[in-house]
Amino acid sequence: MTSFHFGNTAFRQFAQNAPLNSISEFTVGQAVFEVPWTPGFSASLPDRDGLGPLFHANSCLACHAGNGRALEDDGENLTVSLVRLSVGTDSHSPEPKYGGQFQPNGVGGVAKEGDVVLTYQEIAGRFDDGSEYSLRSPNLNFSNLGYGAMASDVRTSVRVPQQVIGLGLLEAVPETTVLSLADPEDRDGNGISGRPNYVTNLNGSGSSLGRFGWKANNPDLIRQNSAAFLGDLGITSPLFPSENCTGVQTQCQASANGGSPEVPQAKIDSITKYMRLVAVPARRKADNPSVLSGKEIFFKSGCVHCHVPKLVTGTAAFPELSGQIIRPYTDLLLHDMGEGLEDHRPDENATGREWRTPPLWGVGLMETVNGHTRYLHDGRARDLMEAVLWHGGEAEESKNRILKLDVRQRTHLLNFLKSL
């Protein structure tokens, strides 16, 4: 499952250990991921119709550029990042007029939900050696709302796209492994109290361990992909058969659709197989002295309590995913990241302060693949060090250790992260 392509296609490689007869299926799924969809019903493009009526983008690739993350221009309407919406303290209560996700686009004859922009306030800080830094605190601004004012108690959360690499491996990590890493009561006294997010099953019976998304709010790739088709493209599927129109969005309700469902299960299965078999880029410069020094700092600073370096997959749907030693630098658990990163919005069992530990594999190639270095769930961090310095809550002690580093040590740490 490792790739040795390190150029701008580093996140789009076929798993090296997969059989060659899987390449055709991989390519079919890749087409589902990359080719744009068209609105409503299309006699000329029946396999690609159903976009909207309200939607965020017209393809998966539009936001997950190169299987990474497209650049969001500062001060412009959000076209890559999405905004989750809810009211009250129940994560399943959508905003009455705008639903569970803000949609900045509408097909012909359907008014878009409006515009949304992020602005920033600079927060100055200083390392213990006197070096200065600045962090950006984001503010979300809606305008030109198409369906009236939002509820006074609306809760919002900005989410940038995540990299599409190694997802099949993360799905194959046994639940027992994830739960063995949890310590919700912090019984070992190390200040880290990761806990799993359990996601309500769509049939209403029971729940499943969450693995995917910034809050681990999807349990598997079938559901993750089906939810993205509806939430991001406005395309119905067997798991989500109803359009995402609210009661006041009458144009949306009356708009032509692309069938029922608009994306059949066969296409969901194709894109899911593709995503399961996208390879993970190998580390670069792993034996470089600076990288090795940075790795030691990463470990001694306690970062590995959450960014767990090594996991082993169990028995998976495909043999190439089974029994693999992987180094994703995640525990797939929720952690309290402090007030600075709080979005004040519950998501299944996750509180506003809790976020899933994001995998770090591939983090050093984002600039190569996507031409930028924007990190964290809302893209506020302009580089890796800013991302580190936003850590709080359970990671406060680790961040304080980083603040004590001198410029040479900080360079070593960054070189290690860039090697991942």
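Things worth noting here:
- In region 374-403, residue nearest to ARG84 (Cα to Cα) [restricted to those that are touching a Ser or Thr at 6+ places or on another chain (Cβ under 6 Å) and surrounded by fewer than 19 Cβ atoms within 10 Å (Cβ to Cβ)]: ASP383
- Within region 81-104, residues that are free of Cβ contacts under 8 Å to residues at least 12 places away in the same chain sit with their Cβ atoms under 6 Å from residues that are surrounded by 19 or more Cβ atoms within 10 Å (Cβ to Cβ), at 6+ positions apart or across chains, in these pairs: SER93/SER86.
- Residues being in contact (Cβ under 8 Å) with a residue 40 or more places away in the chain and surrounded by 13 or more Cβ atoms within 10 Å (Cβ to Cβ) - total across region 107-124: 9
- Test: residue in region 284-300 that is surrounded by fewer than 16 Cβ atoms within 10 Å (Cβ to Cβ), modelled with pLDDT of 95 or more and aromatic (Phe, Trp, Tyr): yes
- Pairs with Cβ under 8 Å, 6+ apart, first in region 390-416 and on the phi > 0 side of the Ramachandran plot, second crowded, with 16+ Cβ neighbours inside 10 Å and assigned to a loop (DSSP other than H, G, I, E, B): GLY393/MET337; GLY393/GLY338; GLY393/ARG353
- Only a single item in (1) out of contact with any strand residue (DSSP E or B) (no Cβ under 6 Å at 6 or more places or on another chain); (2) loosely packed, with under 15 Cβ neighbours inside 10 Å is not met by MET275, and it is number (2).
- Candidate set from region 248-277 (those that are in a loop (DSSP other than H, G, I, E, B) and of a type in the set (S, T, N, Q)); member that is farthest from GLY108 (Cα to Cα): SER260
- Considering residues of region 323-373 that are free of Cβ contacts under 8 Å to residues at least 40 places away in the same chain and among the acidic types (Asp, Glu) only, the residue surrounded by the most Cβ atoms within 10 Å (Cβ to Cβ): GLU342
Per-residue answers, yes or no, for (1) of a type outside the set (A, V, I, L, M, F, W, C); (2) at pLDDT below 95; (3) assigned to a loop (DSSP other than H, G, I, E, B):
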{"residue": "GLY352", "(1), (2), (3)": "yes, no, yes"}
{"residue": "TRP355", "(1), (2), (3)": "no, no, no"}
{"residue": "LEU365", "(1), (2), (3)": "no, no, no"}
{"residue": "VAL369", "(1), (2), (3)": "no, no, no"}
{"residue": "THR373", "(1), (2), (3)": "yes, no, yes"}
{"residue": "HIS377", "(1), (2), (3)": "yes, no, yes"}
{"residue": "GLU386", "(1), (2), (3)": "yes, no, no"}
{"residue": "HIS391", "(1), (2), (3)": "yes, no, yes"}
{"residue": "ALA395", "(1), (2), (3)": "no, no, no"}
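- Taking region 359-385 as the range and being over 14 Å from PRO161 (Cα atoms) and of a type in the set (Ser, Thr, Tyr) as the test, only THR368 passes.
The values are calculated or read from the model by the stated rules, or taken from the named source; none is laboratory data. Values in this document were obtained by computation on a predicted structure and should not be read as measured data. Using ideal geometry, Cβ is built from the backbone for each residue, glycine included, and neighbour counts are taken over all protein chains shown.
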